[in-house]
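Beneath this line is the structure, given in structure tokens, with notes to follow.
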Amino acid sequence: MGQLVDIFSGIGVMSLTLGNIAMWLIAFVLFYLAIAKGVEPLLLIPIGFGIFAANFPLTGLLEEGGLFYIFYHYGIETELIPPLIFLGLGAMTDFAPVIGNPKTLLLGAAAQLGVYSAFFGALLLGFTVNEAACIGIIGGADGPTSIFLSANLAPHMMGAVSVAAYSYMALVPIIIPPIAKLLTTKQERAMVMTQMRVVSKTEKIVFPLLASIVVMLLVPKSAPLIAMFMLGNLFMESGVVERLTNVSRNELMNIVTILLGVAVGSTMTAEVFLTWKTIGVFIMGVVAFAFATAGGVLIAKFMNLFT
């Protein structure tokens, strides 16, 4: 009889909970958004499958030495994957419009209003300072940064923060238009921004070096992300390392995206995700994006008074 009990106790279905099934449903929603609606499929499919697989009981995937544990520990806890993502992003980013028209930097700065509004809102909801910082960064509309910060400050919230960040990034066409329309006139919406001047190759090469000096001296803790981002940009703008540029923006980017998505999804087990705090994260994520949009629009209206 004891042997029979041991056999059945080792079968996953005997340990399945309603929480596990609820998380599968969440994973299926992400699959639907990615496959049927085309919402960030490169990220939502691996994240969704990470959620799906991590909520099978008795698999050992999340235990020390397990596959998902390895992805998370060596990829995210050691802060390896987010900087590699930034390397690929740098190799795909054209800074010419900013270099040619530097005052557009103010638009990006004003958009950080979303970060601060979500941060203080989260504090009022009872989140700790570290948790509020992770929620606030959703307003920066940057998934790798959200993951990087969460891994450092509040690892238990990384799954919820990451899914919220990437979901709202994908929903930008839905979130931004009504806010922008509310805060602008028809005449303002008809304006077209043009590049002020032709930017030389020398300027494009100097920019990532100069930006690295300024940012890393002011915010040393940002060095892992900024260094790799600017290295990728230097690859592209130098024009002499095409192979490195292509690998950074294609093969490497695709590989680390898979590992990142699965690792993030694997953190979203029923015990961690199905809490009131998760609901708070998603609510404040909407607030972050709304205020970020409003901040950018309002500073643009202010700048138009002088142009």
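The values are calculated or read from the model by the stated rules, or taken from the named source; none is laboratory data. Remember, it's a predicted structure, so these values are computed and weren't measured experimentally. In this analysis, Cβ positions are derived from the backbone assuming ideal geometry, glycine residues included, and neighbour counts consider all displayed protein chains. Heavy atoms of the whole protein, side chains included, go into the accessibility calculation; ligands, DNA and RNA do not. Shrake-Rupley method; radii C 1.70, N 1.55, O 1.52, S 1.80 Å.
Some observations on this one:
- Test for Thr245: is it touching a Phe, Trp or Tyr at 6+ places or on another chain (Cβ under 7 Å), over 25 Å from Phe31 (Cβ atoms) and touching a residue at least 40 places away in the same chain (Cβ under 8 Å): yes
- Residue count, the stretch 26-73 (criterion: in a helix (DSSP H, G or I) and over 16 Å from Ser162 (Cβ atoms)): 9
- Residue in the stretch 45-55 that is among the β-branched types (Val, Ile, Thr) and open to solvent by 50 Å² or more (accessible area, probe 1.4 Å) present: yes
- Among the residues of the stretch 74-122, just one is surrounded by 22 or more Cβ atoms within 10 Å (Cβ to Cβ) and not in a helix (DSSP H, G or I), namely Ala91.
- Within the stretch 175-196, the set of residues being open to solvent by less than 100 Å² (accessible area, probe 1.4 Å), outside any helix (DSSP H, G or I) and not hydroxyl-bearing (Ser, Thr, Tyr) comprises Ala190, Gln195.
- Of all residues making up the stretch 123-134, the number that are part of a helix (DSSP H, G or I) and of a type outside the set (A, V, I, L, M, F, W, C): 2
- Index of the failed condition, Phe273 passing every other in (1) more than 30 Å from Leu124 (Cβ to Cβ); (2) touching a residue at least 12 places away in the same chain (Cβ under 8 Å): (1)
- Counting only residues that are in a helix (DSSP H, G or I) and either touching a Lys or Arg at 6+ places or on another chain (Cβ under 8 Å) or open to solvent by 40 Å² or more (accessible area, probe 1.4 Å) (or both), the stretch 13-25 holds 7 of them.
- Elements of type helices (runs of 4 or more DSSP H) contained in the stretch 205-307, each with 3 or more residues being over 26 Å from Gly114 (Cα atoms) and open to solvent by 60 Å² or more (accessible area, probe 1.4 Å): 242-249, 251-266
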